[in-house]
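Working notes for the structure below.
The values are calculated or read from the model by the stated rules, or taken from the named source; none is laboratory data. Predicted model only: the values in this text are computed from it and were never measured. A quick note on method: Cβ atoms are made from the backbone with ideal geometry, for glycine too, and the neighbour counts reach across all protein chains shown. For the accessible areas, the whole protein counts, side chains as well, though only heavy atoms, and no ligand, DNA or RNA atoms are used. Shrake-Rupley method; radii C 1.70, N 1.55, O 1.52, S 1.80 Å.
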Amino acid sequence: MTGYILKRLLSAIPVLLGISVIVFLIMAMIPGDPATAILGSYATPENVEKLNRDLGLDQGLVPRYFIWLGNMLQGDFGRSFALNRPVLDEVLDRFGATLILAGTSFVMCSILGIAAGVISAARQYGFADKAITFVVLLGISIPSFFLGMMMILIFAVQLRWFPVSGMWPIYGDRNLWVLMDHLAMPAIALAVVATGVIARLARSAMLEVLRQDFIRTARAKGVHERRVIWRHALRAAMVSIIPILGIQAGFVLSGAVYIEMVFQWPGVGRMLVDAILKRDILLVQGGVVFIAACYVMFNIMVDVAQALLDPRIKT
């Protein structure tokens, strides 16, 4: 297992290098002068020239990339000019809020999606299967940002059950219950689509397992149907379900960008949108690479979990 983990870690290096190249090139190809956009009304020729020198924009594309990459490998992601603070400090401060939102949504969609898929497969063509399929297809069809805005309109504005936006109230206590109150709507809006995808694919995986011989043998021996479904069949199906969870983790993490904007959640997604609008190049590059690295590491953990369930994967 140690060798397998090391192999997966080594395979992540070219992925992260590729991501850094793509992010750097995208930011470099954005039309307009970043220094002029950053300085705004202070964009005199002297100030623009000085800022270009500070940002390293007066050098060629290739030298700029390797300077940025070398600094990043040493833990220096640069300094945000808009916020006047180190990029890594800002990303880490914001990442906690994103992790709470995306982590809660991922746990919700994993539990609900797997449970819905198992029940749907166990009651194939029954009322439960048809009802779950209808709800799942409805959830997949609704964009998360639109669902979020409708939830704000109904549950926050009209019914006043939840706060409209933000992670904490401006005044008052900051405890777990207050956090859950603010977290409920954005987490649900972010989890709906992923829940539907997991449920559909978990149903397919369960149906395939339920047709196998060892399930027929367990039933023939008189094992209780609930035990057959939830212990034997689900355990075998998890080998196929776990990669789906890894993919949906990326969807949830990327979806947090627009959900954070809808609900004004103070996470990395909202930070990146603000940084793009302000042409804060180093903050955008550092934030995207950091999120990509987190996603790659999570996928490695998913692969390891899958290998633990099915040792054949390591060969």
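Please work out whether the range 127-250 counts as rounded, prolate or oblate from its C-alpha gyration tensor, where a ≥ b ≥ c are the square roots of the eigenvalues and a/c under 1.5 means rounded, while otherwise a/b larger than b/c means prolate and anything else oblate?
Prolate is the answer for the range 127-250, as a/c is 1.5 or above and a/b outweighs b/c.
Sorted by packing (mean other beta-carbon atoms within 10 Å per residue), highest first, where do 232-240, 121-129 land?
My ranking of the peptides, most packed first, is 232-240, 121-129.
Using only the alpha carbons of the chain, what is the convex hull's orientation-averaged projected area in square nanometres?
For the chain, the mean projected area of the Cα convex hull comes to 21.3 nm².
On a 1.4 Å probe surface of the protein chains, which of TRP168, TRP177 comes out largest in accessible area, and what is the full order?
Output order, biggest surface exposure first: TRP177, TRP168.
Mind giving me the FRET efficiency for LEU207 and ASP76? R0 is 35 Å, r the Cβ-Cβ distance, nearest 0.05 is fine.
0.10
Any chance you could give the angle, 0 to 90 degrees and rounded to 10, that helix 2-29 forms with the longest Cα principal axis of the chain?
Orientation of helix 2-29: about 40 degrees from the principal axis.
Are there trypsin sites (Lys or Arg not before Pro) in the range 170-221 that DSSP marks as loop and that have at most 12 other Cβ atoms within 10 Å, and which are they?
Here the sparse-neighbourhood loop sites are ARG174, ARG211, LYS221.
Give me the percent of accessible area attributable to carbon and sulfur for the chain, probe 1.4 angstrom.
Its accessible area is 67 percent carbon and sulfur atoms.
Please state the equivalent ellipsoid semi-axes for the range 194-270: what are the square roots of 5 times the Cα gyration tensor eigenvalues, largest first, in whole Å?
38, 11, 8
So for the range 73-186, what are the equivalent ellipsoid semi-axes in whole Å, largest first, each being the square root of 5 times an eigenvalue of the Cα gyration tensor?
36, 21, 13
With charges set only on the Cβ (+1 for Lys and Arg, -1 for Asp and Glu), what does the dipole of the range 196-307 come to about its Cα centre, in debye to the nearest 20?
That gives the range 196-307 a dipole magnitude of about 660 debye.
Hey, can you find the accessible area per residue of the chain for me, probe 1.4 Å, expressed in square angstrom?
Accessible surface, normalised per residue, equals 55 Å².
May I ask for the angle, rounded to the nearest 10°, between helix 45-55 and the longest principal axis of the chain, with both axes built from Cα atoms and the value confined to 0 to 90°?
Here the helix axis deviates by roughly 40 degrees.
Tell me the angle of helix 127-141 to the major Cα principal axis of the chain, expressed in degrees between 0 and 90 and rounded to the nearest ten.
Long axis of 127-141 versus the principal axis of the chain: about 10 degrees.
About the Cα centre of the chain, how large is the charge dipole given +1 on each Lys and Arg Cβ and -1 on each Asp and Glu Cβ? Please answer in debye to the nearest 20.
Roughly 1600 debye for the chain.
What size of dipole, in debye to the nearest 20, comes out for the range 37-194 about its Cα centre when the only charges are +1 on Lys and Arg C-beta atoms and -1 on Asp and Glu C-beta atoms?
Computed about the Cα centre, the dipole is about 440 debye.
Which of LEU272, GLY246, LEU25 sits closest to the plus end of the dipole of the chain, meaning its Cα is farthest towards the positive end, when Lys and Arg get +1 and Asp and Glu get -1 on the C-beta?
Going by the charge dipole, the pick is GLY246.
Along the charge dipole of the chain, pointing to its positive end and built from +1/-1 on Cβ of Lys, Arg, Asp and Glu, which listed residue (VAL62, GLY126, THR217) has its Cα farthest out?
THR217
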